[in-house]
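Written below as structure tokens is the structure these notes are about.
The values are calculated or read from the model by the stated rules, or taken from the named source; none is laboratory data. Predicted model only: the values in this text are computed from it and were never measured. All Cβ positions, even for glycine, are placed from backbone atoms using ideal geometry, and neighbour counts span all protein chains on display.
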Amino acid sequence: MELNFATAWEAISDEIPRSDALLQGDTRRNWREYEDRAARLASALLAAKIPTAANVGLALYNGPEYSEAQFACFKQRATPFNVNFRYTAGELRSLLEGADAEALFFDSTLADAIDEIRSDLPSLRLFIQVGGDDTPDWAESYETLIVRYGPAPRIERSPDDLWMLFTGGTTGNPKGVMWPHANMILTMKATYAGLKQRVPRNLAELVESVRNITESGRVTRQLAAAPLMHGTSGIAALTTQMTGGAIITLEERSFSGDALFRTVERHAATHLTIVGDAFSRPMLEALESAVSRKDPYDLSSIFLVLSSGVMWSAPIKQALLSFNPRMRLMDSLGSSEGVGFAAKLESDPDKATTGRFSLGEFTKVINEEGKEVTPGSGERGRLALAGPLPIGYYKDPAKSEETWPTIDGRRYSIPGDFATIEADGTITLLGRGSACINSGGEKIYPEEVEEALKLHEAVTDCNVIGIADERWGQAITAVVQLTNTRVDDAALIQSVKENLAGYKAPKHIVRVDRLQRQANGKSDYRWAARVAHEALGK
């Protein structure tokens with residue numbers, strides 16, 4: 001594999017310059033414009049002396065700027081990484097410091113939070129603001145830089161250049177998963193196969209595949225409904241661009257099913273990337289509402305809806321499929337630590353399932369001894385993925401060895417998903433072995449929320465768990481022991497939001513006289529879950 005994202009995309013822009021690349025509302029950029037704007041931003045990075053392999057944060061909402069900034073980093077052989085735009089100033093400081101960030105693209109709405117922490121981050125020396133009427137004197141304006149600089153010259157690059165995806169992973173602190181470009185491209189085999197192409201190994205094969213895809217009329221127009229800062233849309237977008245497709249983003253920052261389908265109609269989206277019920281339930285409500293008012297959406301362009309990162313319930317799938325018999329649903333089981341663990345392509349409403357998948361080409365289910373679980377035995381095991389993998393977590397070799405162990409001479413990704421394998425070879429996903437909560441595709445760790453709750457003077461002790469929720473997958477629930485029972489639930493929830501991103505705040509508060517812990521002092525999450533279920537009637 002000789003390919004690098006930037007070098008590949010430059011070749012694509014030369015081959016199909018007038019084809020759509022980035023669309024949002026009235027903004028429509030073709031591949032030539034996309035490459036030119038990215039090249040000008042690359043000049044700004046060069047002028048600021050951002051070195052090769054420097055880590056550059058993208059604290060951006062979905063939009064053309066996310067893709068352009070990422071492309072610019074690739075052009076200069078810098079390593080772009082995602083920054084959650086929901087983070088508080090303290091969370092941003094921790095992430096950017098841990099990532100050794102040297103430059104940051106940020107949305108104007110985050111300017112105050114960035115200003116609060118920038119003096120604590122001496123290695124972060126270039127701030128580029130996207131949007132806003134005024135740019136602070138310590139930052140550069142994104143659009144001004146594009147006007148100020150000419151395109152950076154094209155340079156030689158390596159397939160070992162990195163793309164980094166920060167994830168909650170398998171510990172409570174965000175971990176930067178380091179993906180070499182070549183390895184990420186090799187994970188795209190299934191997509192290329194669906195387009196009747198092979199994964200290109202060099203520029204000549206890439207150009208030929210893009211030409212073939214374009215001439216066949218099978219170009220992907222991906223509507224990234226889920227944030228590009230997360231793996232589901234982010235990895236899919238890399239794949240879409242490698243095939244010469246277009247990335248479509250919503251103008252609205254609060255998700256709306258109606259806005260999604262209006263955008264589908266406007267830009268003829270062929271693929272949607274979502275995160276389970278948190279997205280598909282509002283989508284279904286919008287579809288039903290449109291039918292009831294006798295103004296149904298035109299869904300004819302949609303070929304595939306891809307969901308990953310969270311359970312996707314069968315009833316929702318069944319209902320969605322009833323609106324468009326041409327549409328296919330891809331329920332994918334993957335993680336930042338590995339792509340292609342398992343998946344299920346569904347088109348028949350009567351056969352839609354929850355948590356049932358077919359194993360990927362390089363995946364097996366192994367027990368604690370590292371041996372394969374016998375199909376139909378009922379034995380629980382962990383999913384283990386071989387094939388193209390990341391090189392590890394940024395600055396954490398010990399955790400890297402734990403997540404990507406070598407078994408019988410072969411390296412695997414084992415992030416912690418447990419499953420049983422049925423006699424027919426399909427698997428039933430059981431979930432992570434840790435207490436990690438997955439709410440709307442966001443990973444939330446109990447200890448972090450517990451410590452935030454304990455900052456409130458009325459909280460003596462607490463446990464935080466996830467309770468099954470129709471829309472979010474899991475709703476964060478706090479079981480609390482209080483010294484002052486007069487404090488109301490809203491105040492406790494608000495106290496968490498003052499220290500953590502809002503999505504990490506509890507949706508339910510369950511009060512107990514005394515919190516139960518294990519004999520060794522560790523949290524007894526099973527007890528907390530039982531108490532919460534009884535109190536909430538779930």
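Out of the range 385-402, which residues are crowded, with 18+ Cβ neighbours inside 10 Å and assigned to a loop (DSSP other than H, G, I, E, B)?
Looking only at the range 385-402, we keep the residues that are crowded, with 18+ Cβ neighbours inside 10 Å, and these are 385, 387-390, 392-394, 400.
Answer for the range 385-402, where residues must be crowded, with 18+ Cβ neighbours inside 10 Å and assigned to a loop (DSSP other than H, G, I, E, B): Gly387, Pro388, Leu389, Pro390, Tyr394.
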(Q) Just the residues that are in a loop (DSSP other than H, G, I, E, B) and hydrophobic (A, V, I, L, M, F, W, C), please, taken from the range 48-75. (A) Ala48, Ile50, Ala53, Ala54, Leu60
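In the set Ile437, Ile444, which member is at pLDDT below 90, in contact with a Cys (Cβ under 8 Å, 6 or more places away or on another chain) and of a type in the set (A, V, I, L, M, F, W, C)? Before you say what the answer is, go through the steps one by one.
Details: Ile437 fails: in contact with a Cys (Cβ under 8 Å, 6 or more places away or on another chain).
Result of the check over Ile437, Ile444: Ile444.
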Q: Please state which of the following conditions Ala225 fails to meet, knowing it meets all the rest: (1) more than 18 Å from Glu10 (Cα to Cα); (2) small (Gly, Ala, Ser); (3) surrounded by fewer than 19 Cβ atoms within 10 Å (Cβ to Cβ).
A: (3)
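Regarding the range 253-265, can at least one residue be identified that is in contact (Cβ under 8 Å) with a residue 60 or more places away in the chain and in contact with a Leu (Cβ under 9 Å, 6 or more places away or on another chain)?
Step one: filter the range 253-265 for residues in contact (Cβ under 8 Å) with a residue 60 or more places away in the chain, giving 253.
Filter once more, so that each one left must be in contact with a Leu (Cβ under 9 Å, 6 or more places away or on another chain): none.
Within the range 253-265, none of the residues are in contact (Cβ under 8 Å) with a residue 60 or more places away in the chain and in contact with a Leu (Cβ under 9 Å, 6 or more places away or on another chain).
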Q) Restricting to helices (runs of 4 or more DSSP H) lying wholly in the range 121-215: which have 2 or more residues that are within 30 Å of Ser400 (Cα to Cα) and either β-branched (Val, Ile, Thr) or within 20 Å of the chain's Cα centre (by Cα) (or both)? A) 181-186, 189-194
(Q) If I go through the range 454-509 residue by residue, how many of them are assigned to a loop (DSSP other than H, G, I, E, B) and of a type outside the set (D, E, K, R)? (A) 13
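In the range 72-94, which residues are of a type in the set (A, V, I, L, M) and farther than 26 Å from Ser158 by Cβ? Can you show your working first?
Taking the range 72-94 as the starting set, the residues that turn out to be of a type in the set (A, V, I, L, M) are 72, 78, 83, 89, 92.
Those that are of a type in the set (A, V, I, L, M) and farther than 26 Å from Ser158 by Cβ: Ala89, Leu92.
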Q: Output the number of residues of the range 403-431 satisfying the condition of being in contact (Cβ under 8 Å) with a residue 40 or more places away in the chain, part of a strand (DSSP E or B) and touching a strand residue (DSSP E or B) at 6+ places or on another chain (Cβ under 6 Å).
A: 10
Q) Among Gly176, Gly245, which is the only one that is touching a Lys or Arg at 6+ places or on another chain (Cβ under 9 Å), crowded, with 24+ Cβ neighbours inside 10 Å and within 16 Å of Val339 (Cα to Cα)? A) Gly176
Q. For Leu284, all conditions in the list (1) surrounded by fewer than 21 Cβ atoms within 10 Å (Cβ to Cβ); (2) under 21 Å from Phe357 (Cα atoms); (3) in contact with a Leu (Cβ under 8 Å, 6 or more places away or on another chain) hold save one; what is the number of the exception?
A. (2)
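Yes/no per residue for (1) without any contact (Cβ under 8 Å) to a residue 24 or more places away in the chain; (2) touching a Leu at 6+ places or on another chain (Cβ under 9 Å); (3) hydrophobic (A, V, I, L, M, F, W, C); (4) within 28 Å of Arg28 (Cβ to Cβ):
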site	(1), (2), (3), (4)
Pro64	no, yes, no, yes
Ala69	no, yes, yes, yes
Phe74	no, no, yes, yes
Ala78	no, yes, yes, yes
Phe85	no, yes, yes, yes
Gly90	no, yes, no, no
Leu96	no, yes, yes, no
Ala101	no, yes, yes, no
Phe106	no, yes, yes, yes
Q: Could you look through the range 465-494, keep only residues that are of a type outside the set (Asp, Glu) and touching a residue at least 60 places away in the same chain (Cβ under 8 Å), and pick out the one that is nearest to Pro282 (Cα to Cα)?
A: Arg471
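Would you pick out the residues in the range 50-89 that are touching a Lys or Arg at 6+ places or on another chain (Cβ under 7 Å) and either on the phi < 0 side of the Ramachandran plot or of a type in the set (Phe, Trp, Tyr) (or both)? I'd like the intermediate steps shown before the answer.
Of all residues in the range 50-89, those touching a Lys or Arg at 6+ places or on another chain (Cβ under 7 Å) come to 52-53, 61, 64, 68, 77.
Hits for the range 50-89 are Thr52, Tyr61, Pro64, Glu68.
Give the residues of the range 113-128 that are in contact with a strand residue (DSSP E or B) (Cβ under 8 Å, 6 or more places away or on another chain) and closer than 17 Å to Glu498 by Cα, sorted by residue number. Please lay out each step first, then the result.
Within the range 113-128, the subset in contact with a strand residue (DSSP E or B) (Cβ under 8 Å, 6 or more places away or on another chain) is 114, 118, 121, 123-128.
Once the filter is applied, which keeps residues that are in contact with a strand residue (DSSP E or B) (Cβ under 8 Å, 6 or more places away or on another chain) and closer than 17 Å to Glu498 by Cα, the range 113-128 yields only Ile114.
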Q | the range 110-169, residues that are of a type in the set (Phe, Trp, Tyr) and buried (at least 17 other Cβ atoms within 10 Å of the Cβ) | A | Phe127, Tyr142, Tyr149, Trp163, Phe166
Q: For the range 76-120, name all the residues that are touching an Asp or Glu at 6+ places or on another chain (Cβ under 8 Å), of a type outside the set (S, T, N, Q) and in a strand (DSSP E or B).
A: Phe105
(Q) Just the residues that are part of a helix (DSSP H, G or I) and touching a residue at least 40 places away in the same chain (Cβ under 8 Å), please, taken from the range 216-240. (A) Gly231, Thr232, Ser233, Gly234, Ile235, Ala236, Ala237, Leu238, Thr239
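Counting only residues that are in a strand (DSSP E or B) and in contact with a Phe, Trp or Tyr (Cβ under 7 Å, 6 or more places away or on another chain), which one in the range 1-44 is farthest from Arg218 (Cα to Cα)? Please lay out each step first, then the result.
Pass one, the range 1-44, residues in a strand (DSSP E or B): 20-24, 27-30.
Then keep just the ones that are in contact with a Phe, Trp or Tyr (Cβ under 7 Å, 6 or more places away or on another chain); that gives 21-22.
Values: Ala21: 15, Leu22: 17 Å.
For the range 1-44, the residue satisfying everything is Leu22.
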Q | Checking Arg382 against (1) assigned to a strand (DSSP E or B); (2) surrounded by fewer than 16 Cβ atoms within 10 Å (Cβ to Cβ), the condition it does not meet | A | (2)
Q | Filtered residues of the range 1-60 (kept if buried (at least 20 other Cβ atoms within 10 Å of the Cβ), within 25 Å of Pro200 (Cα to Cα) and of a type in the set (Ser, Thr, Tyr)) | A | Thr7, Ser13, Tyr34
